[in-house]
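Working notes for the structure below.
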Amino acid sequence: MNGGSLRSDDLPKGAVTRAELVSLLPFLSDVIVVDMPGSLLRSALQHSLSGLSKTDAASKPDGKFLQVSSTLRFEWYFDYGVPTLGSVTVDGSALDDEASYKVAVNEYIANGGDGFDQFVGLDRMSRGLTQADTVALYLANFTAGSPLPAPSDGRIMQTPDVVHLPLGLFC
């Protein structure tokens, strides 16, 4: 999910209404599942980071930054001021550029929105559910006796900047 899809950050504790979910995810975009090679997934993650070098990125975040599931983890860092993708793991294993992965995204991203050309033309299947519907189904699995689990630590990690040391011969 791209960060620009999220339009609220004030869901109440406890029960959540359908109206609150639609306020959070107001674009009635279907969830699309695509099959994509690891190399394209890596490229999409790198594209997701590209807006982080803007001088106002902290106060006006770019909506294309992808919010990934708990099974996908990645590191990123600045290299000469350019946001750069580091290691990527899926289900605890390194992303394989040659392997095929099923990736769920909203229809906007699947159609190349926010410059995500990596998703255009891939085999795809609509789930027939909007993002809000999908979140509602997920939340229905939890009750007061079985609360929502805490977010997964380490999903997206910024590592220290890369420092290039010019080495030469000292005479």
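Spread over its residues, the convex hull of the C-alpha atoms of the chain is 160 Å³ per residue.
Relative to the longest principal axis of the chain, what angle (0 to 90°, nearest 10) does the C-alpha long axis of helix 38-49 take? That works out to roughly 90 degrees. Taking every protein chain into account, the accessible area of the chain amounts to 62 square angstrom per residue (probe 1.4 Å).
The chymotrypsin sites (Phe, Trp or Tyr not before Pro) of segment 123-171 that meet both conditions, a loop assignment by DSSP and at most 10 other Cβ atoms within 10 Å of the site Cβ, are F170. Within the accessible area of segment 49-171, what % is carbon and sulfur when the probe is 1.4 Å and the other protein chains stay in place? Carbon with sulfur: 57 percent of the solvent-accessible area.
In this calculation the C-beta distance from K13 to N111 is compared with R0 = 22 Å, giving a FRET efficiency of 0.05. Taking the DSSP bridge list for the chain and keeping only pairs wholly inside it, about 85 percent are antiparallel. With a cap of 12 neighbouring Cβ atoms within 10 Å, and only residues DSSP puts in a loop, list the GluC sites (Glu not before Pro) found in segment 65-134. Within segment 65-134, the qualifying GluC sites (Glu not before Pro) (loop, at most 12 other Cβ atoms within 10 Å) are E98.
Tell me the net charge near S87. Cut-off is 11 Å between Cβ atoms, S87 excluded, with +1 for each Lys or Arg and -1 for each Asp or Glu. Charge balance in the 11 Å sphere: +1. Connecting C-alpha atoms closer than 10 Å in a GNM of the chain, tell me which of L139, L41, L129 has the biggest fluctuation. In this elastic network of the chain, the residue with the biggest mean-square fluctuation among L139, L41, L129 is L139. If you run the Gaussian network model on the chain, springs between alpha carbon atoms under 10 Å, then out of L122, L21, L11 the most flexible one is L11.
Shape class for segment 4-97: oblate, because the ratio a/c of the largest to smallest gyration tensor axis (alpha-carbon atoms, square roots of eigenvalues) is 1.5 or more and b/c is at least a/b. Report the local net charge at A140: Lys and Arg +1, Asp and Glu -1, summed over other residues whose C-beta lies under 13 Å from its C-beta. Value of the local net charge: 0. Kirkwood hydrodynamic radius of segment 61-149, from the reciprocal of the average inverse Cα-Cα distance over all distinct pairs: 15.9 Å.
The values are calculated or read from the model by the stated rules, or taken from the named source; none is laboratory data. All values reported here derive from a predicted model rather than from experimental measurement. Reconstructed Cβ throughout: ideal geometry from the backbone, glycine too, with neighbour counts over all protein chains shown. All accessible areas refer to the heavy atoms of the entire protein, side chains included, with ligands and DNA or RNA removed. Shrake-Rupley method; radii C 1.70, N 1.55, O 1.52, S 1.80 Å.
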